[in-house]
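Okay, so here's the structure we're looking at.
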Amino acid sequence: MTPINFVLILVNTLILVSGQFLWKYGMMKSGQIFSSLLGILKLLLSPYILTGLILYGAATVLWLFILSKVPLSVAYPIQSLAYVFALFGAYFLFGETLTSWKIAGVLLIVAGVAMISVHSGR
């Protein structure tokens with residue numbers, strides 16, 4: 001795998017995580033939206049949720065391009081770095097707890113991604 005493909009996968013992952021952050025923020029700002037169909041429609045059209053959906057659409061197009069260049073068995077595990085980005089982003093942006101177990105878990109994910117990335121050419 002070329003370095004540019006690795007960067008594209010990271011960019012794709014960051015776009016997806018950014019969409020999740022927007023959705024989380026949008027949900028924090030919304031009230032009882034699931035009580036009616038109109039509430040759900042308003043939610044989907046809210047700026048944060050809608051922007052998150054647009055980011056997901058862009059990430060999907062980029063992902064299709066990535067899959068045309070990189071084996072799925074290599075690209076998908078690298079995309080699991082989203083867990084790392086989400087964990088630390090949730091801590092810094094939303095004040096969610098960061099425990100030693102969560103950190104140990106993401107370190108295991110990083111180790112697995114490193115093994116796949118280093119040995120993807122073999």
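For the stretch 98-122, how many residues meet the condition of being within 22 Å of residue 12 (Cα to Cα), more than 19 Å from the chain's Cα centre (by Cα) and loosely packed, with under 14 Cβ neighbours inside 10 Å?
Residues meeting the conditions: 4.
Among 41, 37, 64, which is the only one that is surrounded by fewer than 13 Cβ atoms within 10 Å (Cβ to Cβ), modelled with pLDDT of 90 or more and out of contact with any strand residue (DSSP E or B) (no Cβ under 6 Å at 6 or more places or on another chain)? Full working, then the answer.
On the way: 41 fails: modelled with pLDDT of 90 or more; 37 fails: modelled with pLDDT of 90 or more.
None of the others qualify; the one that does is 64.
Please list, ordered by first then second residue, the pairs with beta carbon atoms under 9 Å, 6 or more apart or interchain, first in the stretch 70-97 and small (Gly, Ala, Ser) and surrounded by fewer than 17 Cβ atoms within 10 Å (Cβ to Cβ), second in a helix (DSSP H, G or I) and modelled with pLDDT under 95.
Pairs found: 73/116; 80/109; 80/112; 80/113.
Of all the residues that make up the stretch 68-122, how many are in contact with a Lys or Arg (Cβ under 9 Å, 6 or more places away or on another chain) and over 20 Å from residue 24 (Cα atoms)?
Total meeting the criteria: 1.
The values are calculated or read from the model by the stated rules, or taken from the named source; none is laboratory data. On a predicted model such as this, the values are computed, not experimentally measured, just so you know. With ideal geometry, Cβ positions are generated from the backbone for all residues, glycine too; neighbour counts draw on all protein chains shown.
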